[in-house]
Amino acid sequence: MRHWYVGIAAFAVLFCASVTHADTTVYSFEAPPVNPDGFGPNGGGITVTQDTIGATDLLHSMKTSVVTGATFVGALTTVVNPLINNPPGVDAIKFDMTIGPNDAFTGGFDVVGITIFGSNAPLGQFGLQAQFAPLIHVEGKVPGTYLNQTIPLTGATNPLNFTTNQTFNQIFTAGVPDANHLNPSGFQFFINKSNDAPTVIYFDNVRVVTSVPEPATCSLIAMGAIAFATIGRRRVR
């Protein structure tokens, strides 16, 4: 019993290690109508515009339309929300995805993923990228809105040192980049589909998911654990 305060301290450590912040919206595609939130086409064959179909946050969504035979194209923004440049707090991207009433995909495969581009100024390298999975499958889905589609920012290859299975937090840095870290310079939804059918996808309510505990909460718990530990020691003596 005299070591009960050790259990409290251990609980404080576990609590601080497991607290997850609420999702925070980073792109909601409200303005401007063309290239909403700075998003535009990356690759031939894709158009990126503002729309109202599939809006789950406020009034608008982002419509990505690939009506040609293009494959592996993307909706890219160079306006990187500051919350996406927040290592080590970035764990996943969550978004809502809608397939329009007449837009069910009829080809073989159609998947959505996330690419984060980066630069490493000291080495003179720009346009480097890390692609994250798992991919969200569009084929086989009936028209409708699919909420809370989540892509963990894990399992990518670091383009600087080619180390595989790294997380966003291992590849990118919020400080000065170095030989192993990039500064985020672009955010992209990429679409990879079979070459025989068009696809139209609406995105909205893009959120960043973090698991860094609130400093104030952990401070209070830590202070409480220290206080209980002190009381426990005094009683033992």
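A short reminder: the numbers here are calculations on the coordinates, not readings from a lab. Computed from a predicted structure; not experimentally measured. So basically every Cβ, Gly included, is an ideal-geometry build from the backbone, and we count neighbours across all protein chains shown.
From the mean inverse distance of alpha carbon pairs (Kirkwood) and the Cα radius of gyration, derive Rg over Rh for the stretch 84-170. Intermediate values should be presented prior to the final figure.
Values: Rg = 15.7 Å, Rh = 14.7 Å.
Ratio value, two decimals: 1.07.
For the stretch 129-141, putting each phi into the Karplus relation 6.51 cos²θ - 1.76 cosθ + 1.60 with θ = phi - 60° gives couplings of 9, 10, 9, 10, 9, x, 8, 8, 7, 9, 4, x, 8 Hz, in residue order, rounded to whole numbers and with x for Gly and Pro. List the relative contact order of the stretch 21-211 as a percent without decimals, with contacts defined as Cα pairs under 8 Å and 6+ residues apart. With pairs under 8 Å counted, the relative contact order is 34 percent.
Percent of Cα-Cα pairs more than 32 Å apart in the stretch 21-211, please.
Details: 2133 of 18145 pairs.
The proportion of pairs with Cα distances above 32 Å equals 12 percent.
Counted by neighbouring Cβ atoms within 10 Å, the residues 153, 135, 58, 76 run from fewest to most as 58, 135, 76, 153.
Taking the charge dipole of the stretch 21-211 about its Cα centre, with +1 at Lys and Arg Cβ atoms and -1 at Asp and Glu Cβ atoms, the residue from 159, 140, 28 reaching farthest to the positive side is 159.
Return the whole-Å distance between the Cα centroid of the stretch 34-79 and the Cα centroid of the stretch 189-208. After rounding, the separation between the Cα centres reads 8 Å.
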